[in-house]
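Visitor: This is the structure, below, for whatever I ask next.
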Amino acid sequence: DRKTARHVGRYCQFALAASKQALAQSGLVPGEMDPDDVGVIVSSGIGGMEEIEKSHTALMERGPKRISPFTVPMMIADMAAGIVAIHTQSGGPNYAIVSACASGSHGIGEASEIIKRGDAVAMLAGGSEATITPLTMGAFCQIKATSERNDEPEKACRPFDIGRDGFVMGEGSVMLVLEEMEHAKKRGAKVLAEIAGYGASADMYHFTAPQPEGKGAIRAMRKALKMSNVDPTEVGYVNAHGTSTKLGDVAETKAIKAVFGDHAYKLAVSSTKSVHGHLLGAAGAIEAAACILALNRGLLPPTINLDNQDPECDLDYVPNKARKADVKVALSNSFGFGGHNATLVIKKGPSAN
């Protein structure tokens with residue numbers, strides 16, 4: 001509604017819209033349950049950057065009294081989780097996770113752990129980001145993270161290609177309904193997938209560059225596989241973090257080969273960032289959704305713009321065209337500035353088509 005839209009930031013609006021869609025699809029109605037049984041985690045790498053920029057402009061041009069009283073609640077990164085809880089009447093565990101581009105996967109992984117330890121029956125979990133703003137775009141350009149292919153933006157993001165030069169910024173929100181399996185089955189829910197494993201680690205290396213051999217990523221993947229009791233040979237698809245950066249794509253390729261050994265060359269690996277852009281704190285959420293859709297539809301998403309594969313990136317990246325495949329287990333990687341790593345292992349659910 002208009003009143004809510006005026007009082008919350010765009011990243012909060014995205015999260016609320018996505019949460020309502022997720023609940024509608026799931027059939028779960030938090031207001032009909034014990035408030036403590038449903039929680040919310042909305043991860044965000046940056047929060048309400050647009051509101052910060054607007055308020056700073058007001059301060060500089062018109063003075064402090066022209067700053068909106070809604071500036072603080074509109075800019076802080078935890079507010080989306082609070083807004084979603086208010087509008088869905090979800091009274092369980094409620095917070096945000098901020099770990100840069102790993103935030104979304106951390107949020108989903110931590111939500112699954114909350115359910116496992118009995119602190120909630122269901123969780124709304126995912127990420128939201130609204131960072132296509134002058135300051136954010138300018139800042140990412142200054143650290144050479146974004147592509148300079150401005151003449152052909154649709155071809156700019158090209159993970160694992162020899163000509164890659166950075167990512168294209170995206171924004172939006174993806175929210176998932178996670179639910180204790182027996183509770184979901186009892187109410188007749190369509191269970192699309194299972195969050196079977198979750199691993200998290202730190203690179204301990206650099207605040208923006210990945211560890212060159214992918215050592216932190218290796219540990220995160222191995223932790224997720226161990227938790228899920230999945231042998232590496234059972235994994236059929238990897239949704240790579242794949243940001244289309246020179247250092248990141250090579251480090252992740254090395255990490256995948258270290259974890260999967262010879263099976264790495266039998267895996268289908270793709271970076272959907274080539275299609276939807278980099279949603280930063282929401283990246284892990286949209287990529288988890290891509291894995292779930294791949295498992296349900298038997299169709300693996302491609303890495304588009306992969307025209308000239310980098311010799312150092314020598315795996316099967318599903319180049320340029322989606323591929324039919326009956327995959328039972330997928331793995332999704334997310335890595336963030338600060339050396340944050342998060343990996344999810346996702347199994348096809350009992351209701352999958």
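Visitor: Tell me which helices (runs of 4 or more DSSP H) are completely within region 65-169 and hold 2 or more residues being modelled with pLDDT of 95 or more, surrounded by 22 or more Cβ atoms within 10 Å (Cβ to Cβ) and not charged (D, E, K, R), or say none if there are none. Explain how you work it out, then say what you get.
Guide: Values: elements: 71-75, 79-88, 103-116, 134-142.
Qualifying helices (runs of 4 or more DSSP H): 79-88, 103-116.
Matching residues to (1) surrounded by 21 or more Cβ atoms within 10 Å (Cβ to Cβ); (2) closer than 23 Å to Leu176 by Cα:
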position: His241; (1), (2): yes, yes
position: Val250; (1), (2): no, no
position: Lys266; (1), (2): no, no
position: Lys273; (1), (2): yes, yes
position: His278; (1), (2): yes, yes
position: Ala283; (1), (2): yes, yes
position: Leu300; (1), (2): yes, yes
position: Cys313; (1), (2): yes, no
position: Asn320; (1), (2): no, no
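Visitor: Here is a list: Ala100, Ala96, Ala120, Ala81. Which entry is at positive phi and touching a residue at least 24 places away in the same chain (Cβ under 8 Å)? It would help to see each step written out before you state the result.
Guide: Details: Ala96 fails: at positive phi; Ala120 fails: at positive phi; Ala81 fails: at positive phi.
Being at positive phi and touching a residue at least 24 places away in the same chain (Cβ under 8 Å) holds for just one of Ala100, Ala96, Ala120, Ala81, which is Ala100.
Visitor: Could you please tell me which pairs satisfy a Cβ distance under 6 Å, a separation of 6+ or placement on different chains, a first residue in region 184-209 that is within 30 Å of Gly298 (Cα to Cα), and a second residue that is of a type in the set (D, E, K, R)?
Guide: The qualifying pairs are Glu194/Lys347; Ala196/Lys347; Gly199/Lys223.
Visitor: Can Gly248 be described as touching a His at 6+ places or on another chain (Cβ under 8 Å) and either closer than 23 Å to Ile195 by Cβ or assigned to a loop (DSSP other than H, G, I, E, B) (or both)? Walk me through how you get there before you give the answer.
Guide: Numbers: touching a His at 6+ places or on another chain (Cβ under 8 Å): yes; either closer than 23 Å to Ile195 by Cβ or assigned to a loop (DSSP other than H, G, I, E, B) (or both): no.
Judged against the criteria, Gly248 is not a match.
Visitor: Okay, next question. For region 1-36, how many residues are surrounded by 20 or more Cβ atoms within 10 Å (Cβ to Cβ) and of a type in the set (Asp, Glu)?
Guide: Qualifying residue count for the region: 0.
Visitor: Follow-up. Can you tell me how many residues in region 327-353 are at pLDDT below 95 and touching a Cys at 6+ places or on another chain (Cβ under 7 Å)?
Guide: Taking region 327-353 and keeping what is at pLDDT below 95, we get 349-353.
Right, trim to touching a Cys at 6+ places or on another chain (Cβ under 7 Å) and you get none.
So the answer is 0.
The values are calculated or read from the model by the stated rules, or taken from the named source; none is laboratory data. A quick note: this is a predicted structure, and the numbers were derived from the prediction, not measured. Don't worry about glycine lacking a Cβ; one is built from the backbone with ideal geometry, like all the others, and counts go over all protein chains shown.
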